[in-house]
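The values are calculated or read from the model by the stated rules, or taken from the named source; none is laboratory data. Computed from a predicted structure; not experimentally measured. Positions of Cβ are generated from backbone atoms using ideal geometry, with glycine treated the same way; all protein chains shown enter the neighbour counts. The protein model used for the area step is the full one, side chains on, heavy atoms only, and it has no ligands, DNA or RNA in it. Shrake-Rupley method; radii C 1.70, N 1.55, O 1.52, S 1.80 Å.
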Amino acid sequence: MVADRGKKLKVVERTEEEDSDHIDSELVLSIEKLQEVQDELDKFNEEASEKVLEVEQKYNEIRRPVYVKRNEIIKSIPDFWLTAFLSHPALCDLLSEEDSKIFKYLDSLHVEDFKDVKSGYSITFNFKSNPYFEDTKLTKSFTFFDEGTTKITGTNINWKAGMGAANGVNHDKKGNKRPPTDESFFSWFSESQQKDIVEGLNDEQVAEIIKEDLWPNPLKYFNSEADEEDSDGDEDEEEKGDDEQDDDDDEEEEEDGEEEEDN
């Protein structure tokens, strides 16, 4: 009896081991099949990315003359880029009072992807002759490498006599952060390391906002300033109308009071 029970236990243990081996082999097989499918998807995704880049490069060339045409029209609108910057919810915090004066000489802005779109881009600010610096073109470029690093290059501005210190050249810095009220936006051009311009916004993020948000449709932000002025005007009209209505109501009450006295 004891021997039979021992045989049964061994049979049960052997069965459980066989079931476990069977489950493990099925799991391994399923994972291998899943990996094959995932590899196939990765291949298609890579091909799709390459096609997207080809299309992007094609349309960059198509858009180029349209951007040139747009820049020519913008030149006829006073303070266009200054207004657009100051109306942008993120970029508005980057300009000091002195920066705003310099921006009045900004003639055009241009963003250009490198020929290999994924390798980087440049942002160029073109200025009219001005009393602040000798340069007519200020450029900031970002080059992306396969290992995930970024090379940042920019114009080292040639300030005119007495202008550099007033525009952020000699200001003290605390760590990697620059005081937004004292530091000039123009020091952004010469920075070659990732540093915060304002809290939570570093050099490359500023460039991305200009490239991905402001550059595609600056009119949206220029118009938002005009819309705010229209809105303020409407509010003034409403307040004026309310005041006139109050005056009319007061006059009616006075007339009613005089009639009661006469009676």
- Candidate set: the range 175-192, residues that are modelled with pLDDT of 85 or more and small (Gly, Ala, Ser); chosen: the one surrounded by the most Cβ atoms within 10 Å (Cβ to Cβ): 184
- State whether the residues of the range 95-102 include one that is open to solvent by less than 60 Å² (accessible area, probe 1.4 Å) and part of a loop (DSSP other than H, G, I, E, B). yes
- Task: Go through the range 128-144 residue by residue and tally those that are under 20 Å from residue 214 (Cβ atoms), surrounded by 13 or more Cβ atoms within 10 Å (Cβ to Cβ) and without any contact (Cβ under 8 Å) to a residue 24 or more places away in the chain.
- Result: 1
- Task: Hey, could you check the range 193-221 for residues that are modelled with pLDDT of 95 or more and over 21 Å from residue 120 (Cβ atoms) and say which is surrounded by the fewest Cβ atoms within 10 Å (Cβ to Cβ)?
- Result: 217
- Item | Tally of residues being surrounded by 12 or more Cβ atoms within 10 Å (Cβ to Cβ) and acidic (Asp, Glu) across the range 108-127 | 2
- Query: Out of (1) at pLDDT below 95; (2) within 28 Å of residue 187 (Cβ to Cβ); (3) aromatic (Phe, Trp, Tyr), what's the single condition that is false for residue 103?
  - Reply: (1)
- For residue 82, state whether it is modelled with pLDDT of 90 or more, part of a helix (DSSP H, G or I), in the same structural domain as residue 111 (by the TED database) and not polar (S, T, N, Q). yes
- Task: Mind listing just one residue for me: the one in the range 146-158 that is open to solvent by 50 Å² or more (accessible area, probe 1.4 Å) and closer than 24 Å to residue 110 by Cβ and, of those, nearest to the chain's Cα centre (by Cα)?
- Result: 150
- Query: Restricting the search to the range 103-144, which residues are under 22 Å from residue 220 (Cβ atoms) and in a helix (DSSP H, G or I)?
  - Reply: 103
